[in-house]
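A short reminder: the numbers here are calculations on the coordinates, not readings from a lab. Keep in mind that what you see is a predicted model, and the values were worked out from it rather than measured. Here the Cβ positions follow ideal geometry from the backbone for every residue, glycine too, while neighbour counts run over all protein chains shown.
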Amino acid sequence: MENKPKKPTPSIKQNHGRHQDPVARRSNFDEVALGFGLEEAVTEAARCLNCKNKPCELACPVNVRIPEFVDLVHKEDLGAAASKIFETSLFPAICGRVCPQETYCEAACVLKDRFGPVSIGRLERFTADYARKNGLIKPPACAPDTGRKVACVGSGPTSLAVAAELRKLGHAVTVFEALHEFGGVLSYGIPTFRLPREVVRFEVDMLRKMGVRLLKNVMVGKSITIDELKKDFDVIYIGSGAGLPTPMNAPGEDLVGVYSSNEFLTRVNLMEAYKFPAVDTPYYVGKRVVVVGGGNTAMDSARCAMRLKPERVTLLYRRTRAEMPARGEEVENAMEEGIKFEFLTAPVELEGDEKGRLKRVKCVRMELGAPDASGRRRPVPQKGSEFYIEADSLVVAIGQSPNPVIQQTTAGLSVNKWGGIITEEATGKTSLDGIYAGGDVVRGGATVLLAMKDGKAAARAIHEKLSAKVN
Amino acid sequence: MKHDIYSTEGLYRIEEKEDLSPTISRHVIYAPLIAAKARPGHFVILRARPGGERIPVTLVDWNAEAGTVTVIIQAIGKSTTEMNAFKTGEYFSDVAGPLGTPVEIKKWGTVLGVGGGVGIAELYPIARAYKEAGNKVISILGARSKDLLILEKQMEAISDQVIVTTDDGSAGRKGLVTDAMKDLYAAGEKIDAAFTIGPIIMMKFVAETTRPHGTPTFASLNPVMLDGTGMCGGCRVEVGGKPRFACVDGPMFDAHLTNFDLLMKRTAAYREQEASSLENYARDHECRIGLH
């Protein structure tokens with residue numbers, strides 16, 4: 001590979017990558033972000049100043065070697081760039097798509113204020129995709145077998161991170177997944193137009209090539225308990241996620257057409273109901289869809305609903321856009337796709353027909369009052385502001401809490417009042433010896449990257465424990 | 001034989017397939033982890049192939065020694081029709097479980113089991129467990145007609161008394177399961193607990209029949225289910241005025257506290273799509289399933 005002398009060109013305008021046209025993408029489930037071609041990637045990589053103190057890398061939850069891999073992209077050595085990312089993260093195609101880089105590495109980039117940050121996320125994604133498509137990815141070498149056995153419960157991002165790290169260190173890792181696809185929320189939750197399934201499958205498959213054993217259709221807590229696993233494994237890591245939907249507790253929530261975001265997204269993403277009848281799982285949205293909530297899950301739900309071609313999709317959020325927890329980019333995408341936003345609006349009652357099907361949603365306008373415990377101004381209903389929205393279906397996307405089954409079936413496992421497993425933050429240690437936990441089952445609904453960060457931290461602690469035992 | 005419960009070799013192979021009626025088949029499937037763990041009242045989720053629906057089915061039997069579980073499937077929609085077209089030696093792509101909360105087996109005294117249609121299959125392991133626990137077991141088996149009546153002999157082997165009812169009188173007595181129940185009460189039979197599995201409308205009337213007698217009654221609910229792991233809430237049912245998830249809290253609930261009317265409405269959610277899906281399938285597979 002030719003070794004080009006590197007001259008940073010920071011003042012070139014930041015390239016955000018190409019996107020599918022908003023009108024066209026409304027009727028397909030193909031990826032919205034199209035990213036970079038090789039030339040665009042190399043040009044964007046050239047903007048990096050290669051700062052000595054690496055603020056971007058320090059800000060990264062999984063400490064990707066950012067300046068080094070970006071330099072390798074600039075040198076057009078994509079295989080080496082991918083290997084460089086692999087040193088700390090085995091999931092660049094996933095992270096390059098779902099990480100909110102604007103709050104991590106790109107927020108720390110010294111170019112941010114003057115020219116816009118280097119598009120690190122897009123470069124990570126490009127590197128992973130290019131390397132995958134051109135056969136440049138080599139699974140990392142694993143240390144000789146230690147004879148130590150680790151079970152990971154769930155196959156979402158936190159367990160995948162644990163599995164990758166511990167397998168590299170030579171431990172035998174078995175991953176248990178309750179569903180028929182691996183990836184947890186990456187498979188059932190995040191829509192394909194943000195994260196194509198072949199990307200998830202490829203990165204999961206790499207674990208398999210490294211010798212990680214992946215078992216589907218096993219629901220730990222029901223199919224087999226933690227106590228039973230303890231007989232066969234030295235350490236157990238619980239990454240069972242936050243899959244318990246939060247209901248609105250509004251009258252009429254049992255009407256046909258009312259979904260939890262989990263059910264709606266699982267139907268559409270995991271079961272690929274949008275292909276019905278080519279696949280067997282059906283969906284029902286009707287002509288008018290209402291989505292309730294202001295987070296990323298609400299955006300995903302609304303954007304999935306839009307692609308099922310109803311006449312309209314309306315999103316209700318009880319505060320204003322400024323308070324929305326969703327990523328700015330996702331809100332913009334949703335708006336571009338024609339989703340109607342009703343801010344300062346909350347549903348109070350769902351009304352149905354004689355067959356028990358949803359017909360309309362009684363809503364109330366809100367105003368922002370005094371700040372609540374979270375520091376955000378509390379929405380209060382405006383008297384006499386009730387109005388109706390006609391609706392055939394409604395998706396409740398107002399939050400998830402930790403899956404409760406393992407907590408209920410494991411004696412001695414300490415749990416907080418929200419149902420999350422209590423852990424020591426730096427290590428993921430639970431109240432039980434040899435049992436660790438991380439990701440959303442600890443945090444409640446958080447992010448893929450924090451889940452991976454937890455996994456990496458726990459892997460370090462687990463390795464220490466297992467090494468101590470060997471010696 | 002010792003099975004490696006963590007091995008994927010041979011997993012989900014159909015070791016034995018038997019047609020019990022033109023639409024009802026029995027499948028014995030290799031799934032040693034499930035077989036080792038199964039209890040009466042557990043269910044599994046089956047998928048015939050990639051792209052297939054997740055179909056919850058209650059376990060009828062299991063054999064930890066052989067590493068197999070037995071399910072009985074009635075072909076109602078496309079997915080179940082496709083499953084029943086499987087032959088011995090073919091594979092399900094997925095069998096997840098055991099799921100749900102098993103039924104508590106204890107000594108009640110006299111236990112009445114009321115099964116309707118393919119629900120008889122699901123009643124079987126529960127009735128058997130009660131018999132083994134020293135209860136007197138009376139089983140009422142309801143079917144539309146003689147050719148849809150299944151497991152009569154097996155139920156006889158584990159029951160003190162079996163009463164068969166059919167809608168058309170082609171087997172047993174003509175009438176409804178509730179007629180037979182009323183006669184039992186009228187004859188002074190002291191029933192200490194009742195379990196019912198079958199069509200929702202039947203379970204609702206079974207509950208209404210036992211209610212005046214104060215007999216503790218439990219029904220196995222069959223709502224629309226997706227993941228079966230407590231994640232989607234699609235299977236929520238109303239029991240005692242509260243939402244419960246049939247997949248993790250059930251599927252067996254106190255029948256006197258169950259809102260059967262709501263359950264009926266919610267199970268109709270996808271009827272149109274299901275009918276069109278079956279129609280398409282039947283058109284493509286005319287000769288195999290004989291629906292035309």
**Q.** Whole-Hz ³J(HN,Hα) from phi, Karplus 6.51 cos²θ - 1.76 cosθ + 1.60, for the range A:229-236, glycine and proline x
**A.** 4, 4, 5, 10, 10, 6, 9, 10
Q | Distance between the range B:138-161 and the range A:287-302 - C-alpha centres, whole angstrom | A | 49
Q: Round to a whole angstrom and tell me the spacing of the C-alpha centers of the range B:1-57 and the range A:182-215.
A: 25
Q) Remind me, relative contact order of chain A in percent, using alpha carbon pairs under 8 angstrom and six or more residues apart? A) 15
Q | Three-way shape call for the range A:1-137 based on the alpha-carbon gyration tensor, with the a/c threshold at 1.5 | A | rounded
**Q.** Contact order relative to length of the range A:247-398, as percent, for alpha carbon pairs under 8 angstrom and 6 or more apart
**A.** 31
Q | Interchain or long-range residues, amide H under 5 Å from A:Met366's placed H | A | A:Thr345, A:Ala346, A:Gln382
Q) Based on DSSP, what percent of beta bridges with both residues in the protein assembly as shown are antiparallel, to the nearest 5? A) 50
Q | Net lengthening on full extension, A:Asp205/A:Arg321 (0.36 nm per residue, minus Cα-Cα) | A | 37.8 nm
Q.
Of all beta bridges DSSP finds with both residues in chain B, what is the antiparallel percent, to the nearest 5?
A. 60
Q.
Need one word for chain B: rounded, prolate or oblate. Basis is the Cα gyration tensor (sqrt eigenvalues a ≥ b ≥ c); a/c below 1.5 gives rounded, then a/b vs b/c decides.
A. rounded
Q) Which helices pass in chain A if a helix is a full DSSP H run, must span at least 15 angstrom along its long axis by Cα, and must have mean Kyte-Doolittle hydropathy not below -1.0? A) A:120-133, A:157-168, A:197-209, A:296-307, A:448-470
Q | Residues B:Asp147 and B:Asp183, FRET efficiency given R0 of 25 Å [Cβ-Cβ distance, rounded to 0.05] | A | 0.50
Q. Going by alpha carbons, how many degrees (0 to 90, nearest 10) lie between the helix axis of B:271-284 and the longest principal axis of chain B?
A. 50
Q: Distance between Cα centroids, the range A:417-434 to the range A:9-25: provide it in whole Å.
A: 42
Q: May I ask for the angle, rounded to the nearest 10°, between helix B:119-132 and the longest principal axis of chain B, with both axes built from Cα atoms and the value confined to 0 to 90°?
A: 60
Q | A:Phe115-A:Lys355 pseudo-label distance in nm [points 7 Å out on the Cα-to-Cβ vector] | A | 6.1
Q: Please give the average number of partner chain Cβ atoms lying within 10 Å of the Cβ of each residue in B:5-12, rounded to a whole number.
A: 3
**Q.** Candidate lysines for bridging to A:Lys84, where Cα separation is under 23 Å - those fewer than 8 sequence places away on the same chain excluded
**A.** A:Lys4, A:Lys6, A:Lys7, A:Lys52, A:Lys54, A:Lys75, A:Lys133, A:Lys138, A:Lys168, A:Lys209, A:Lys453, A:Lys456
Q. How many Cβ atoms of partner chains, on average, are near each residue of B:259-272 if near means within 10 Å of its Cβ?
A. 3
Q.
Need one number: % antiparallel among DSSP beta bridges in the range B:110-267, to the nearest 5.
A. 25
**Q.** By average C-beta atoms within 10 angstrom, highest first, the peptides A:100-106, A:206-212
**A.** A:100-106, A:206-212
Q) Averaged over peptide A:253-261, how many Cβ atoms belonging to another chain are found within 10 Å of each residue's Cβ? A) 4
Q) Hey, what do the phi angles of the range A:436-443 turn into as Karplus ³J(HN,Hα) couplings, whole Hz, using 6.51/-1.76/1.60 and θ = phi - 60°, x for Gly and Pro? A) 10, 8, x, x, 5, 5, 9, 8
(Q) Can you tell me the orientation of helix B:200-210 relative to chain B, as the angle in degrees between its alpha-carbon axis and the longest Cα principal axis, to the nearest 10? (A) 20
**Q.** Least to most buried among B:Trp62, A:Trp418 (fewest other Cβ within 10 Å first)
**A.** A:Trp418, B:Trp62
Q.
Below 14 angstrom from the Cβ of A:Lys112, what's the summed charge of the other residues (Lys, Arg +1; Asp, Glu -1)?
A. 0
Q: With springs connecting C-alpha atoms under 10 Å apart, model chain B as a Gaussian network and identify which of B:Gln154, B:Gln273, B:Gln74 has the largest mean-square fluctuation.
A: B:Gln273
Q | Prolate/oblate/rounded label for the protein assembly as shown (Cα gyration tensor, a/c 1.5) | A | prolate
Q. In what sequence do A:Lys168, A:Lys112 fall when counting other Cβ within 10 Å, fewest first?
A. A:Lys112, A:Lys168
Q. Mind listing the phi-derived Karplus ³J(HN,Hα) values for the range B:250-255, rounded to whole Hz, using 6.51, -1.76 and 1.60 with θ = phi - 60°, and x for any glycine or proline?
A. x, x, 8, 9, 4, 5
Q | Virtual paramagnetic centre 7 Å along Cα→Cβ of A:Leu34, amide N under 15 Å, in the range A:72-104 | A | none
